[in-house]
């Protein structure tokens, strides 16, 4: 039921998504809900909105570098700016949905958390299929099966479809959190969501 879930849309290449991923389960627990993790590619949303990655925006890009360091210090979340950033990360979200389609939702979430940490905390080249597969292996997933799956045309199409579904849902950034059809964009909305829930969902 939708009143018992939190829809959590995120991009594996999104720093703010990474920080939110480290807090979303605790938030859901406080609210007595379950998180439905929904990775997608921001490129599809950018094509719709005309946006570009934050790091490429004059002034804002430099601010974000400071902001990510500050959030890391504030939350105690490990952080290291990846050597290649921004960049497209495809194997991780494809692998995520490949696992979900096998009914391995919990393992998919375990992988998502590990992949995020690999990229934004451990500075590993998650943009390569090989590294994404290495992370999968560390999560107990067969490495060769993973590598084969992320190149399968049906798995590729699945991620594209999820991107369109996200846009149809009104999603345009990462993280993007939807609760009872109320949408919240950004890591900094987590505190607002907590108060919104505690104070009776103000209108």
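The values are calculated or read from the model by the stated rules, or taken from the named source; none is laboratory data. Just so we're clear, the structure is a prediction, and the values are computed from it rather than from any experiment. Glycine also receives a Cβ, built like all others from the backbone with ideal geometry; neighbour counts cover every protein chain displayed.
Tabulated data for the structure shown
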item	result
Flag if residue 96 is assigned to a loop (DSSP other than H, G, I, E, B), buried (at least 21 other Cβ atoms within 10 Å of the Cβ) and in contact with a helix residue (DSSP H, G or I) (Cβ under 7 Å, 6 or more places away or on another chain)	no
Unique match (being over 16 Å from the mean Cα position of the chain (by Cα), touching a residue at least 40 places away in the same chain (Cβ under 8 Å), over 24 Å from residue 83 (Cβ atoms) and surrounded by 13 or more Cβ atoms within 10 Å (Cβ to Cβ)) among 160, 167, 177, 193	193
Options 159, 126: the member that is out of contact with any strand residue (DSSP E or B) (no Cβ under 9 Å at 6 or more places or on another chain) and at pLDDT 95 or above	126
From the options 140, 173, residue that is modelled with pLDDT of 95 or more, touching a strand residue (DSSP E or B) at 6+ places or on another chain (Cβ under 6 Å) and not in a helix (DSSP H, G or I)	173
Top-ranked residue of region 6-17 - restricted to ones that are surrounded by 24 or more Cβ atoms within 10 Å (Cβ to Cβ) and touching a strand residue (DSSP E or B) at 6+ places or on another chain (Cβ under 8 Å), ranked as nearest to residue 188 (Cα to Cα)	17
Test: residue in region 67-86 that is surrounded by fewer than 18 Cβ atoms within 10 Å (Cβ to Cβ) and within 27 Å of residue 165 (Cα to Cα)	yes
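One line per residue, one yes/no per condition, for (1) over 18 Å from residue 192 (Cα atoms); (2) at pLDDT below 95; (3) in contact with a helix residue (DSSP H, G or I) (Cβ under 9 Å, 6 or more places away or on another chain); (4) not in a helix (DSSP H, G or I):
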residue: 9; (1), (2), (3), (4): no, no, yes, yes
residue: 13; (1), (2), (3), (4): yes, no, yes, yes
residue: 16; (1), (2), (3), (4): no, no, yes, no
residue: 20; (1), (2), (3), (4): no, no, yes, no
residue: 28; (1), (2), (3), (4): no, no, no, no
residue: 38; (1), (2), (3), (4): yes, no, yes, yes
residue: 44; (1), (2), (3), (4): yes, yes, yes, no
residue: 79; (1), (2), (3), (4): yes, no, yes, yes
residue: 84; (1), (2), (3), (4): yes, no, no, yes
